[in-house]
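J.: The following block contains the structure, expressed as structure tokens.
The values are calculated or read from the model by the stated rules, or taken from the named source; none is laboratory data. Predicted model, so just to flag it, every value in this text is computed and none were measured. Glycine gets a Cβ as well: all are built from the backbone with ideal geometry, and neighbour counts include every protein chain shown. Accessible surface areas use protein heavy atoms only, side chains included; no ligands, DNA or RNA. Shrake-Rupley method; radii C 1.70, N 1.55, O 1.52, S 1.80 Å.
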Amino acid sequence: MTDDQSPETRAEAAARDLADTGRAVTARAIREAAKVRMAVASATAKAWNDAASEDDHETIPAVPEDVTGRLEAIWADAYRAALAAVTPERDQLRSDVDALRVEVEGLTADVETVEAERDTATTQADTLRKELAEAKAEAEKWSTEAAKHEAALSAVRDQHDKLNERITTLLETQAKREN
């Protein structure tokens, strides 16, 4: 159907196509298929359906067996040819899919291994952080203890120095008395 045909010609062609494909020949179907006005589609549908009812006395005979046999042979040949054409590519694709599945399984195992290593490293890092915090706390405790001892040592030294000075003074005083 072309747009340079008359609307009536396009409508008749659309009615024929509808009937050939087993669809109902209605004004709406003709209008949609032929892109014609409803008046033209309606007239064409009425004429087509009137003519079809007059032809109802004709029956279409069944497809002869030799024609059916030939059609089945043509179908079988076409199917085999299509199967032969697609089989190598299908087999190659199946092989590719199998190889990709193996690769995915390998990569999945690698990811699981890396994740396990990450989890182990994270656990070790957490343990080390805990040990480091404990060591810092211990060092701080000892640092505080050392500061206390240094203060006590300083006090003892000061007392020692004072005692030394006093002893020296006493010795000097005694030496002067003896002289």
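J.: Work out from phi, with θ = phi - 60° and the Karplus expression 6.51 cos²θ - 1.76 cosθ + 1.60, the ³J(HN,Hα) of each residue of the range 157-166, listed in order in whole Hz, and give x for Gly and Pro.
T.: Per residue, the Karplus-derived 3J(HN,Hα) values read 4, 4, 5, 4, 4, 5, 5, 4, 5, 5 Hz.
J.: Sticking with this structure for a sec: Please list, or write none, the aspartates and glutamates whose alpha carbon is within less than 15 Å of the alpha carbon of K176, excluding same-chain residues fewer than 8 places away.
T.: Within the straight-line cut-off, K176 pairs with nothing.
J.: Normalised by the number of residues in the chain, what is the relative contact order in percent for Cα pairs under 8 Å and 6+ residues apart?
T.: Values: 56 pairs, mean separation 18.9, N = 179.
Relative contact order here is 11 percent.
J.: With a 1.4 Å probe and every protein chain kept in, tell me what percent of the accessible surface of the range 5-54 is carbon plus sulfur.
T.: Details: 1570 of 3080 Å².
Carbon and sulfur atoms account for 51 percent of the accessible area of the range 5-54.
J.: How would you order 165-175, 39-49 from highest to lowest mean count of nearby Cβ atoms within 10 Å?
T.: Values: 165-175: 9.9, 39-49: 18.0.
Descending mean neighbour count gives 39-49, 165-175.
J.: Please give the residues of the range 146-166, grouped as numeric ranges, whose backbone N is less than 18 Å from a label point set 7 Å along the Cα-to-Cβ vector of Q174.
T.: What the label zone holds, given the 18 Å backbone N cut-off, is 162-166.
J.: I would also like to ask the following. In whole Hz, what ³J(HN,Hα) sequence does the range 115-127 give by Karplus (6.51, -1.76, 1.60; θ = phi - 60°), x for Gly and Pro?
T.: These are the phi-based 3J(HN,Hα) values: 5, 5, 4, 4, 4, 5, 4, 5, 4, 5, 4, 4, 4 Hz.
J.: Where does each of 78-91, 24-37 land if you order them by average Cβ count within 10 Å, highest first?
T.: In descending order of packing, they fall as 24-37, 78-91.
J.: Now, a different point. Can you tell me the length gained on complete extension of the stretch N164 to N49, counting 0.36 nm per residue apart and subtracting the Cα distance?
T.: In short, 27.3 nm is gained.
J.: Ok, one more. Among the lysines, which have Cα under 21 Å from the Cα of K46 when same-chain residues fewer than 8 positions away are ignored?
T.: Excluding near neighbours in sequence, the set is K35.
J.: Now for a separate question. Counting only protein chains, not ligands or nucleic acids, how are R16, R23, R177 ordered by accessible area (probe 1.4 Å), most first? Before the final figure, lay out each step's value.
T.: Numbers: R16 110, R23 140, R177 190 Å².
So the residues, ranked largest to smallest area, are R177, R23, R16.
J.: Continuing with this model, one more query. Expected output is a single nm value to one decimal: the length gained when fully extending between A81 and A151, i.e. 0.36 nm times separation in residues minus the C-alpha distance. What is it?
T.: Fully extending the segment from A81 to A151 adds 14.9 nm.
J.: Leaving out ligands, DNA and RNA, and with a 1.4 Å probe, what % of the accessible surface on the range 100-146 is carbon or sulfur?
T.: So the carbon and sulfur contribution to the accessible surface is 60 percent.
J.: Measuring with a 1.4 Å probe in the full set of protein chains, what accessible area per residue, in whole Å², belongs to the chain?
T.: Values: 15070 Å² over 179 residues.
Here the per-residue accessible area is 84 Å².
J.: I need the calculated FRET efficiency for the pair L128 and V97, taking r as the beta carbon distance and R₀ as 45 Å, to the nearest 0.05.
T.: Values: r = 46 Å, r/R0 = 1.02.
Once the sixth-power term is evaluated, E becomes 0.50.
J.: Let me ask you something else. On a straight-distance basis, which aspartates and glutamates could pair with K148 in a cross-link, Cα separation under 18 angstrom, same-chain partners fewer than 8 positions away excluded?
T.: Once the sequence-local aspartates and glutamates are set aside, what remains near K148 is E138, E140, D158.
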